[in-house]
Amino acid sequence: MMLAAACTATGIDAPDLTLSRKVPTVVKAAWRGEAEGVTLVALDDEGTEVLRWPTELGDDGTWRAVTLGLRPATRYCFRMEVVIEGETDTTGCVEQSTGDLPDTLEPLVVEENTRNSGLFTTGTIASTARAAIYDAGGVPVWWWAMPDPAAIVTRVHRALDGRSLLINAAAGIGADPGADMHIYRVAYDGAVLETVPTVGAHHDFVELPDGSLAWLAYEERLLDGVVRLGDVIVERDPSGATRQVWSAFDWFDFRDFKLEVNGSIVHANVLQYDAATDRYWVCLRNFGQYVAVDRATGALVEKLLGEGSDVQLAVGTQPSHPHGFRWIDEETLLGMDNRESSAEVSRLVKYEFDREDGVAAETWTFESDQGLHLLGLGDVAALPGGDVVALWSTAGQIQRLDADSNTVWRATSGIGTAFSYLEWWESPDTLPSP
């Protein structure tokens with residue numbers, strides 16, 4: 001009844017709606033008319049606005065929008081807010097129900113929830129490897145099954161074009177270092193827009209402001225008659241040309257290190273890009289170290305923490321099997337320390353760096369309050385306002401902490417499902433694919 005009341009006709013034609021067949025929580029809306037601006041709005045069963053999305057005016061005079069953030073198996077009413085001669089009016093409203101979740105994808109169990117906002121992308125590592133987006137209620141609002149049966153989804157980035165997601169199909173530990181892997185660009189309606197070959201790619205990748213993609217990949221070299229496995233950064237520009245930016249073999253003497261089973265000697269696992277300095281940052285798990293690589297020259301220009309560090313750790317403990325990390329500002333790094341020993345509890349940690357004096361200090365740490373130890377992966381996010389998000393990947397849990405280290409939100413997956421890396425954002429704004 002409430003929804004019917006909210007959908008009362010206004011005299012302006014209602015939008016045309018199409019439910020995506022590939023991702024049945026995605027609705028494509030179109031409205032044709034003269035206007036200065038148009039916004040798509042979704043109302044729930046009570047007639048309350050729940051989400052809104054921008055539209056884009058096409059050459060044919062049609063305003064189009066695509067949704068993100070709708071829950072499966074839910075009825076909504078959609079209308080356009082139209083600005084004409086400076087005044088805002090609303091169109092008629094159209095009801096549309098979203099489709100069901102696939103049988104192999106379930107909502108998370110939300111155990112604590114005093115701060116319910118935001119969306120996050122991750123890869124699910126289970127019987128079916130998927131890219132997925134969850135809302136703060138733990139409900140999957142978007143999903144896409146991986147076509148590569150041998151690959152895992154390690155990272156899902158919201159693409160800079162605002163129209164798609166970038167999904168990393170990467171080699172797992174012990175996979176063939178020369179295996180054919182891919183980064184997929186997938187529209188919000190589930191259509192594959194681009195498939196980028198990434199031979200030997202593993203763990204992580206980034207999208208650069210100029211549209212280039214860069215990823216971590218394995219490299220094999222024969223040293224003293226022994227095949228050694230290292231890591232490289234490979235970059236692909238928008239024209240499709242690729243180049244190797246950096247190789248660990250050029251900066252570390254692999255003869256000094258023991259052979260590792262099913263893994264590279266340095267074990268690079270997270271890649272980030274800093275546009276201000278045009279540098280890549282790489283986490284080296286086995287060295288407990290974060291290194292900076294100059295994008296133009298491939299030179300290793302900075303080592304932070306671990307052996308051979310450019311700064312001395314004056315307070316705190318060195319990273320141990322680190323994985324996901326974020327620079328909160330130029331001097332503050334937030335990281336996930338998995339810890340090498342399975343008897344140790346994994347933790348979050350902040351380090352402050354004083355490069356001028358050549359020192360660093362551990363300024364905050366949070367050990368998993370449920371005693372979790374991560375076997376691999378693990379990620380963090382630093383949110384506006386001081387909240388921190390921890391993705392306890394192989395434990396299948398995600399946790400949000402406030403500035404006082406109190407848990408304000410926690411969600412857990414079902415048995416047998418782990419997560420990969422994390423990307424969190426507050427707004428579901430999307431643009432339609434061309």
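FYI, it's all coordinate maths here, none of it is from the lab. As the structure is a prediction and not an experimental result, all values here were calculated from the model. Methodologically, a virtual Cβ is constructed for each residue, glycine included, from the backbone with ideal geometry; neighbour enumeration extends over all protein chains shown.
Karplus-based coupling profile of region 325-333, in residue order and whole Hz: 8, 9, 7, 6, 8, 5, 10, 10, 10, with θ = phi - 60° in 6.51 cos²θ - 1.76 cosθ + 1.60 and x standing for Gly or Pro. The label point for Glu34 and the one for Val301, both projected 7 Å from the Cα toward the Cβ, are 5.4 nm apart. A prolate overall shape is assigned to region 70-154, the ratio a/c of its alpha-carbon gyration tensor axes (a ≥ b ≥ c) being 1.5 or greater and a/b exceeding b/c.
Rounded if a/c is under 1.5, else prolate if a/b is larger than b/c, else oblate: which is region 109-425, with a ≥ b ≥ c the root eigenvalues of its Cα gyration tensor? It comes out rounded by the Cα gyration axes. Sketch the reach of a paramagnetic label on Arg255 as a point 7 Å from Cα along Cα-to-Cβ, and name the residues of region 218-237 whose backbone nitrogen lies under 15 Å away. Residues passing the 15 Å test: 222-228. Each label point was placed 7 Å from the Cα along the Cα-to-Cβ direction; for Asp294 and Glu106 their separation is 5.3 nm. Taking the centroid of alpha carbons for each part, region 123-158 and region 256-325 are 27 Å apart.
Extension gain, Ser117-Ile328: 0.36 nm per intervening residue step, less the Cα-Cα distance, totals 73.9 nm.
Can you figure out the FRET efficiency of Ala276 with Trp425, using R₀ = 25 Å and their beta-carbon distance, to the nearest 0.05? Here the calculated transfer efficiency is 0.75.
Net charge dipole, region 130-220: roughly 340 debye, given to the nearest 20, about the Cα centre with Cβ charges of +1 for Lys and Arg and -1 for Asp and Glu. For region 283-295, 3J(HN,Hα) computed residue by residue from phi via the Karplus equation (6.51, -1.76, 1.60; θ = phi - 60°) reads 8, 10, 4, 5, 9, x, 9, 10, 10, 10, 10, 5, 5 Hz, glycine and proline entered as x. With contacts taken as Cα pairs under 8 Å and at least 6 residues apart, region 2-97 reaches a relative contact order of 36 percent. Using the Karplus relation 6.51 cos²θ - 1.76 cosθ + 1.60 with θ = phi - 60°, the per-residue 3J(HN,Hα) values for region 386-398 come to x, 5, 10, 10, 10, 9, 8, 4, 6, 8, x, 9, 10 Hz, with x marking Gly and Pro.
Indicate the gyration tensor shape class of region 2-97 (rounded, prolate or oblate), computed on the Cα atoms with a ≥ b ≥ c the square roots of the eigenvalues: a/c under 1.5 is rounded; otherwise a/b larger than b/c is prolate and the rest oblate. Taking the square roots of the gyration eigenvalues as a ≥ b ≥ c, region 2-97 is oblate. Considering only alpha-carbon pairs that sit under 8 angstrom and 6 or more positions apart, the relative contact order computed for the chain is 13 percent.
Simple point charges give the picture: +1 on the Cβ of Lys and Arg, -1 on the Cβ of Asp and Glu, and for the chain a dipole about the Cα centre of about 1160 debye.
How about region 160-224: which GluC sites (Glu not before Pro) there lie in a loop by DSSP and see at most 12 other Cβ atoms within 10 Å? Counting only loop positions with at most 12 other Cβ atoms within 10 Å, none of the GluC sites (Glu not before Pro) in region 160-224 qualifies. Each Lys and Arg Cβ is given +1 and each Asp and Glu Cβ -1; about its Cα centre, region 232-367 then shows a dipole of about 560 debye.
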